[in-house]
Amino acid sequence: MAIKAEQNGRYVVVNTLLNTTDTTIVDQMNGRIGDSGRLVYFAAKDGMQVHDLTRQDAFIRAKDAAGKIKQVTGIAERIKPSAGLFSMYLPAEFYQASGDIEEAYLAITDSEGNVVSSVPLTFKVLENNMIITSNGSKDYIDQIDGFIDEMRDKIDGLSDSIDSQNRAYISLRDALSVYTDLINKNAVATLGSDNVFTGNNKFDKTISGTITDAINAESASEADTAKIAHKTDDDTGWMDISNNFLTGAAGTAKIRKRNGIVQLIIQAVTGYYDGNKLKNGNQLLKLPWKGSAGANYAGEYSFNYNGAAAALSIVDDILIVHWVTNPSTDKGIHLYATLTYIAND
């Protein structure tokens, strides 16, 4: 039985609990031959309840009036996954043959690609007497067509690469002859030989080994002691401190200290204003390095929360939410921020 889709604003409501023999008519997917495509907005429901699309994806598969298979994979925009709101783009290949679609369905998949629900759909492709085409409808599966295009690009690139390598070989052969002549004349420095540099030389990278007479350098910018001449970069590398979130908070946190400067990235943090779960003055995260001189000198770091200005602060080694302009109790509103501060320990 064909059932006309319910409309809720710009969204087409698709019910995952309908009988598999019931087909939902989606007029928003209708088009004409030659159309460049359609962007369709969906609201997925499980009966009367919204369908949570978190960590899920979708694809649309159809057989057009010419019997050709069409498939588009992937949600175009995840508008609000927890409320089942999303959009999908149907490319021009769906509009190559006029008439009713023989069979189509919207499938929802889990993170492993397994189909967890499917909804039978139908729509129409109308004639277009304003264009003339000799190309009939063809099978189209976006993932396969994309793979073919990628392989063609690689083959073309390989052909160009072979030509370039041949030219590079000729240039390398000529350059090798020049360098061999310079080495034979002791005109260049070589490994394993005693080399004397009589002019001014600049080294942009770290020099390993022992440097003699460094204390006699003409300026401190070169080296006033042997210790400075041997100085290396102090870098901890990126560390995962996601387990350092305090009571009520959770998310992802990466931190790095380089020469006393600390970079901190926090992503998808929950707990703030979700029932206001944070404790002790909105304490969020314990840091491995202090960022202020004490509780009376809390640095302030701006970020964006729920579409408005907000600020974080560091008190000793605790990151706190200092203030926000637009707090929200919506579980879907997460906290994201990147900040840089000077370590005090």
Quiz item: Which residue pairs have Cβ atoms under 9 Å apart, sit 6 or more places apart or on different chains, and have a first residue in the range 177-204 that is among the acidic types (Asp, Glu) and a second that is part of a loop (DSSP other than H, G, I, E, B)?
Solution: ASP181/ALA187
Quiz item: Does GLY31 satisfy the criteria of being small (Gly, Ala, Ser) and surrounded by 14 or more Cβ atoms within 10 Å (Cβ to Cβ)?
Solution: yes
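For LYS68, indicate whether it is assigned by TED's automatic domain parsing to the domain that holds SER137, of a type in the set (Lys, Arg), within 19 Å of ASP139 (Cβ to Cβ) and in contact (Cβ under 8 Å) with a residue 24 or more places away in the chain. Quick ask: steps written out before the conclusion?
Working: assigned by TED's automatic domain parsing to the domain that holds SER137: yes; of a type in the set (Lys, Arg): yes; within 19 Å of ASP139 (Cβ to Cβ): yes; in contact (Cβ under 8 Å) with a residue 24 or more places away in the chain: yes.
When the stated conditions are applied, LYS68 passes them.
For GLN56, indicate whether it is under 30 Å from the mean Cα position of the chain (by Cα) and not β-branched (Val, Ile, Thr).
On the way: under 30 Å from the mean Cα position of the chain (by Cα): yes; not β-branched (Val, Ile, Thr): yes.
So GLN56 passes the test.
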Quiz prompt | Residue pairs meeting the criteria (Cβ under 7 Å; at least 6 apart or on separate chains; first in a strand (DSSP E or B), in the range 91-113; second among the hydrophobic types (A, V, I, L, M, F, W, C) and loosely packed, with under 15 Cβ neighbours inside 10 Å) | solution = ALA107/VAL115; ILE108/VAL116; THR109/VAL115; THR109/VAL116
Quiz item: How many of the residues in the range 2-47 are over 14 Å from PHE123 (Cα atoms), of a type in the set (A, V, I, L, M, F, W, C), assigned to a loop (DSSP other than H, G, I, E, B) and free of Cβ contacts under 8 Å to residues at least 60 places away in the same chain?
Solution: 1
Practice problem: Would you mind finding the one in ALA229, ALA249 that is modelled with pLDDT under 90, more than 29 Å from the chain's Cα centre (by Cα) and among the aliphatic types (A, V, I, L, M)? | Solution: ALA229
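Each row is one residue, and each column tells you yes or no for (1) in the same structural domain as ILE333 (by TED's automatic domain parsing); (2) among the aliphatic types (A, V, I, L, M); (3) at pLDDT below 90.
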| position | (1), (2), (3) |
| --- | --- |
| GLU222 | no, no, yes |
| ARG258 | yes, no, no |
| ILE265 | yes, yes, no |
| LYS277 | yes, no, yes |
| LYS286 | yes, no, no |
| GLY294 | yes, no, yes |
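The values are calculated or read from the model by the stated rules, or taken from the named source; none is laboratory data. In this text, all values refer to a predicted model and were calculated from it rather than measured experimentally. In this analysis, Cβ positions are derived from the backbone assuming ideal geometry, glycine residues included, and neighbour counts consider all displayed protein chains.
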